[in-house]
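Have a look at the structure below, then the notes.
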Amino acid sequence: VGPGMPALTPCESHFRSGRAYGHHLVHVRNFMERAGLEPVEGASEPEDHISFEFQILRHLIEKQKSDGEREDEWLALQGEFVRRHMRAWIPSLLEDALKVEEALFYEAFTRIASGYLVWEEDILKDWGPRLEDDELMHIQTDSVWKGPLYDAEPPSSEPIEEETGSGD
């Protein structure tokens, strides 16, 4: 957090796949589309940043009030988002924040956030999909492309024979 190399990167894809802007960011953006949220142009942080994920949660809670006819749908989306995204990585952020002296703000914030999310998950236990076997729930390091997966053979020292054409 801060200028230079940050001690913590409070983004879901960083914690769940080992690099920022990973495939979990795509999942958050897909969820946003389903929830009727537009990407924020010119945002300084990606949509899987902890502050942005709390904005998504706020949107879902506000929709329950403003769109009472679809309250069950919004509750289901809220339950899904808390389980599938926020609870899947914010506790790991807290663990890391406790190890980094410069991350005092994030330590305090993630303690509060982690407690809040446990409470949310309990309230929403009957809403949203059960995700125990959900592939997205498992933290998986993104594989980094390391080039072709074959052993290149050095070129032969034999001269290359030219093909002779027999067309004339």
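Name the residue, out of 120, 95, 102, that is open to solvent by 100 Å² or more (accessible area, probe 1.4 Å) and modelled with pLDDT of 75 or more. Working first, answer last.
Numbers: 120 fails: open to solvent by 100 Å² or more (accessible area, probe 1.4 Å); 102 fails: modelled with pLDDT of 75 or more.
When all the criteria are applied, what remains is 95.
Applying the selection to the range 16-37, what residues are in contact with a helix residue (DSSP H, G or I) (Cβ under 9 Å, 6 or more places away or on another chain), in contact (Cβ under 8 Å) with a residue 40 or more places away in the chain and part of a loop (DSSP other than H, G, I, E, B)?
19, 22, 35
Residue 90: within 18 Å of residue 18 (Cα to Cα), at pLDDT below 80 and within 14 Å of the chain's Cα centre (by Cα), yes or no? Spell out how you get there, then give the answer.
Numbers: within 18 Å of residue 18 (Cα to Cα): yes; at pLDDT below 80: no; within 14 Å of the chain's Cα centre (by Cα): yes.
Criteria not met by residue 90.
Here's a check for you: in the range 10-63, which residue that is of a type in the set (Val, Ile, Thr) and open to solvent by 30 Å² or more (accessible area, probe 1.4 Å) is nearest to residue 120 (Cα to Cα)? Steps first, answer last, please.
Initially, the range 10-63 is screened for residues of a type in the set (Val, Ile, Thr), giving 26, 28, 40, 50, 56, 61.
In the following step, the residues that additionally are open to solvent by 30 Å² or more (accessible area, probe 1.4 Å) were identified as 26, 40, 61.
Details: 26: 24, 40: 25, 61: 11 Å.
Selected residue: 61.
Looking at this structure, is residue 74 modelled with pLDDT of 80 or more and either touching an Asp or Glu at 6+ places or on another chain (Cβ under 8 Å) or assigned to a loop (DSSP other than H, G, I, E, B) (or both)? Give the steps one after another, and end with the answer.
On the way: modelled with pLDDT of 80 or more: yes; either touching an Asp or Glu at 6+ places or on another chain (Cβ under 8 Å) or assigned to a loop (DSSP other than H, G, I, E, B) (or both): yes.
Yes: the conditions hold for residue 74.
Condition test on residue 125, is it farther than 16 Å from residue 18 by Cα and modelled with pLDDT of 80 or more?
Considered against the rule, which asks whether it is farther than 16 Å from residue 18 by Cα and modelled with pLDDT of 80 or more, residue 125 comes out as no.
Going by the conditions given, is residue 81 within 15 Å of the chain's Cα centre (by Cα) and either part of a loop (DSSP other than H, G, I, E, B) or crowded, with 17+ Cβ neighbours inside 10 Å (or both)?
Yes, satisfied.
Condition check: modelled with pLDDT under 85, closer than 21 Å to residue 98 by Cβ and under 18 Å from the mean Cα position of the chain (by Cα). Does residue 1 satisfy that? Give the derivation first.
Values: modelled with pLDDT under 85: yes; closer than 21 Å to residue 98 by Cβ: yes; under 18 Å from the mean Cα position of the chain (by Cα): yes.
Answer is yes for this residue.
The values are calculated or read from the model by the stated rules, or taken from the named source; none is laboratory data. None of these values were measured; they are calculated from a predicted model. Note that we place each Cβ from the backbone using ideal geometry, even for glycine, and neighbour counts take in every protein chain shown. Accessible surface is based on the protein model in full, side chains and every heavy atom, while ligands, DNA and RNA are left aside. Shrake-Rupley method; radii C 1.70, N 1.55, O 1.52, S 1.80 Å.
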